[in-house]
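Just below is one structure, and these are the notes that go with it.
The values are calculated or read from the model by the stated rules, or taken from the named source; none is laboratory data. Worth saying up front: this structure is predicted, and the values here are computed from it rather than measured. Here the Cβ is made from the backbone with ideal geometry for all residues, glycine too, and neighbour counts use every protein chain on show. Quick note on the areas: whole protein, heavy atoms, side chains included, nothing else; ligands and nucleic acids left out. Shrake-Rupley method; radii C 1.70, N 1.55, O 1.52, S 1.80 Å.
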Amino acid sequence: MTDVNGDFFAYVNPGKLQLTIRYLGYRDTTLITEIKENEVKIFNVSLSSEFSQLSSVVVTGFLQGQAKALNQQKNADNIKNIISADQIGRFLIRMLQKLCKGCLV
C-alpha cells in the first residue's frame, strides 16, 4: 500500500527480490533486484497507461414506470394524468436542487 504521494516502504530479508507494482488502469511493472544486509534501495517507477480505444459505446436503458404510466393514460376512458414513481423521484430531485443551490442532492 502507498501513501497519498504514492510512496511506500517495505522491510525485506536479504537476497533476490521481485517487486511487482500494480495500479488500476496501468500496466504491471516488475522489478528484480538483489538486497544486501542492512541495505536501503530507492526505486523510482513510472507506470504506463493501459487503455483501449473503443469504436463505439451503446447505452441502453428502460423506463418501465414511465412506459406503464403512458399506456395507462393512453388507454383510459376519461382524462387522466398519470405520473410514474421514477418521474416523481426526478421531479423531487430537481425541485430540491433548485431550492438548495450548491448542495449535493
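The C-beta contact set for region 10-34 (first residue in contact (Cβ under 8 Å) with a residue 12 or more places away in the chain and open to solvent by 100 Å² or more (accessible area, probe 1.4 Å), second residue hydrophobic (A, V, I, L, M, F, W, C) and not in a strand (DSSP E or B), distance under 6 angstrom, 6+ apart or interchain) comprises Tyr23/Leu47.
Taking region 54-78 as the range and being at pLDDT below 70 and either in contact with a helix residue (DSSP H, G or I) (Cβ under 9 Å, 6 or more places away or on another chain) or among the basic types (Lys, Arg) (or both) as the test, the residues that pass are Leu63, Gln64. For region 18-26, the criterion of being in a strand (DSSP E or B), under 24 Å from the mean Cα position of the chain (by Cα) and of a type in the set (Phe, Trp, Tyr) is satisfied by at least one residue.
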